[in-house]
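The values are calculated or read from the model by the stated rules, or taken from the named source; none is laboratory data. Source: prediction; values computed, not measured. Here the Cβ is made from the backbone with ideal geometry for all residues, glycine too, and neighbour counts use every protein chain on show. Just the protein is used for accessible areas: all its heavy atoms, side chains included, with ligands, DNA and RNA removed. Shrake-Rupley method; radii C 1.70, N 1.55, O 1.52, S 1.80 Å.
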Amino acid sequence: MKTLKMLMGALLLLCLIVISSCDDSHCRTCRIDKVYLEDEWHKAYYSSSGRLVKLEAAVSKILFHYNGSNQLISAEIYTGNPAPEYSFDFTHGSFGIVESNVYDSYGFRRHFDFHYASPTVIDYLVESEYNGGPGDPPSFVIRKDLSYGSGNVTFVSGTVNGNPFTGYTGSVYDKKTNPFKLLAQAVGNPAFFPVCNIVSYPVVQYDISFLNIFSKNNPGKGVYEVPVGGGPEVQQPQDFTYVYTSSYVESLVWTDDLAGTNKYAFSYTCGFSSAEE
């Protein structure tokens, strides 16, 4: 009996050590169950392998398509019309998505080239805009270099032909789980979630900030400025306001002093094994 009590005591001590040595985000495996985008709750649907295949609302939906290797190869965002509002196609490299094309319903195309510093960190991207005919050169090209501190974006430097053009500063990061990184993992591209408009301020539909997309945690403050090094310089202060449940973001309000406000919210299901993910 004494030996049994000693054994039970040792097991209890071990459990307490495990519990105290990890936070909620690492002790539980959670995934997105619903996302609030563009004033609608979108229910998340997953494949048997754990890949996100659909986000569906009453009117809108986002569809995700994968190849035989479970790599995301295309996606569409529908907003109530038979034709998609946005269409995406993706090219993969050794770490994840290295190229994407984004087409809107008016025929405008943006092309992105992503460069990886590591399997989970993008250090720069090149964005090209096309609004001419097939085969025409891009009408605008901007390179955006991302600087980080503790895994979070501190500055995005936009240059055109090597000259400073835009700047985007991020600061006051929390220590909580970034829900957009959970979405990135759900589509098998851990460095960033690619099915959205990656922007520096809210301007069109399905926008998500550079700071939220590429950071480990969640930004509290931002400042977008253009032009950089020229004049007159326009600065757009931004606030990111969160409601949390434990280590997870329950809701986010992104407010830009000049451009307006975007609202997001998230619900989760937890307790999945690695096989179910």
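Suppose we filter PRO137, PRO179 for residues that are out of contact with any Lys or Arg (no Cβ under 7 Å at 6 or more places or on another chain) and open to solvent by 50 Å² or more (accessible area, probe 1.4 Å); which single one remains? Give the derivation first.
Working: PRO179 fails: open to solvent by 50 Å² or more (accessible area, probe 1.4 Å).
Residue meeting the stated conditions: PRO137.
Being at pLDDT 95 or above, assigned to a helix (DSSP H, G or I) and farther than 19 Å from ASN101 by Cα is the requirement here; does LEU182 meet it?
Values: at pLDDT 95 or above: yes; assigned to a helix (DSSP H, G or I): yes; farther than 19 Å from ASN101 by Cα: yes.
Judged against the criteria, LEU182 is a match.
Scanning the stretch 186-209 for residues that are touching a residue at least 12 places away in the same chain (Cβ under 8 Å) and not in a loop (DSSP other than H, G, I, E, B), which turns out surrounded by the most Cβ atoms within 10 Å (Cβ to Cβ)?
SER209
Determine which member of the set VAL121, VAL156, VAL102 is among the aliphatic types (A, V, I, L, M), surrounded by 19 or more Cβ atoms within 10 Å (Cβ to Cβ) and either within 16 Å of ASN218 (Cα to Cα) or within 15 Å of the chain's Cα centre (by Cα) (or both). Reasoning before the result, please.
Numbers: VAL121 fails: surrounded by 19 or more Cβ atoms within 10 Å (Cβ to Cβ); VAL102 fails: either within 16 Å of ASN218 (Cα to Cα) or within 15 Å of the chain's Cα centre (by Cα) (or both).
Among VAL121, VAL156, VAL102, only VAL156 is among the aliphatic types (A, V, I, L, M), surrounded by 19 or more Cβ atoms within 10 Å (Cβ to Cβ) and either within 16 Å of ASN218 (Cα to Cα) or within 15 Å of the chain's Cα centre (by Cα) (or both).
Given (1) aromatic (Phe, Trp, Tyr); (2) open to solvent by less than 50 Å² (accessible area, probe 1.4 Å); (3) in contact with a Gly (Cβ under 9 Å, 6 or more places away or on another chain), where does TYR264 come up short, assuming only one miss?
That leaves (3) as the condition not met.
Six or more apart or on different chains, Cβ under 6 Å: which pairs go from a residue in the stretch 229-244 that's at negative phi and in a strand (DSSP E or B) to one that's of a type in the set (S, T, N, Q) and at pLDDT 95 or above? Could you list them?
If the second residue must be of a type in the set (S, T, N, Q) and at pLDDT 95 or above, the pairs left are ASP239/THR255; VAL243/SER251.
Could you list, in sequence order, the residues of the stretch 245-261 that are more than 18 Å from the chain's Cα centre (by Cα) and not polar (S, T, N, Q)?
In the first step, residues of the stretch 245-261 are kept if they are more than 18 Å from the chain's Cα centre (by Cα); the result is 245-246, 256-260.
Result: ASP256, ASP257, LEU258, ALA259, GLY260.
Only one residue in ASP39, ASP89 is surrounded by fewer than 16 Cβ atoms within 10 Å (Cβ to Cβ) and in contact with a Ser or Thr (Cβ under 6 Å, 6 or more places away or on another chain), so which one is that? Write out each step before concluding.
Details: ASP39 fails: in contact with a Ser or Thr (Cβ under 6 Å, 6 or more places away or on another chain).
Answer to the check: ASP89.
Report, by residue number, each residue of the stretch 241-261 that is in contact with an Asp or Glu (Cβ under 9 Å, 6 or more places away or on another chain) and either at pLDDT 95 or above or open to solvent by 30 Å² or more (accessible area, probe 1.4 Å) (or both).
Passing the criteria: TYR242, VAL243, TYR244, SER246, TYR248, VAL249, VAL253, TRP254, THR255, ASP256, ASP257.
Would the stretch 56-69 turn up any residue that is without any contact (Cβ under 8 Å) to a residue 24 or more places away in the chain, closer than 16 Å to PRO194 by Cβ and among the charged types (D, E, K, R)?
We begin by selecting, within the stretch 56-69, every residue without any contact (Cβ under 8 Å) to a residue 24 or more places away in the chain; these are 56-61, 63, 65, 67-69.
Within this subset, residues satisfying the condition of being closer than 16 Å to PRO194 by Cβ are 63, 65, 67.
Next cut, among the charged types (D, E, K, R) only: none.
Among the residues of the stretch 56-69, not one is without any contact (Cβ under 8 Å) to a residue 24 or more places away in the chain, closer than 16 Å to PRO194 by Cβ and among the charged types (D, E, K, R), which makes the answer no.
So, in the stretch 131-160, exactly how many residues are among the aromatic types (Phe, Trp, Tyr) and within 23 Å of PRO227 (Cβ to Cβ)? Break it down into steps so the answer makes sense when it comes.
As a first pass, look at the stretch 131-160 and keep what is among the aromatic types (Phe, Trp, Tyr): 140, 148, 155.
So of that shortlist, the ones also within 23 Å of PRO227 (Cβ to Cβ) come out as 140, 155.
Here the count works out to 2.
Mind checking whether some residue in the stretch 217-230 is open to solvent by less than 10 Å² (accessible area, probe 1.4 Å) and β-branched (Val, Ile, Thr)?
Within the stretch 217-230, not a single residue is open to solvent by less than 10 Å² (accessible area, probe 1.4 Å) and β-branched (Val, Ile, Thr).
Restricting attention to the stretch 162-176, report how many residues are surrounded by 19 or more Cβ atoms within 10 Å (Cβ to Cβ) and closer than 16 Å to LYS144 by Cβ.
4
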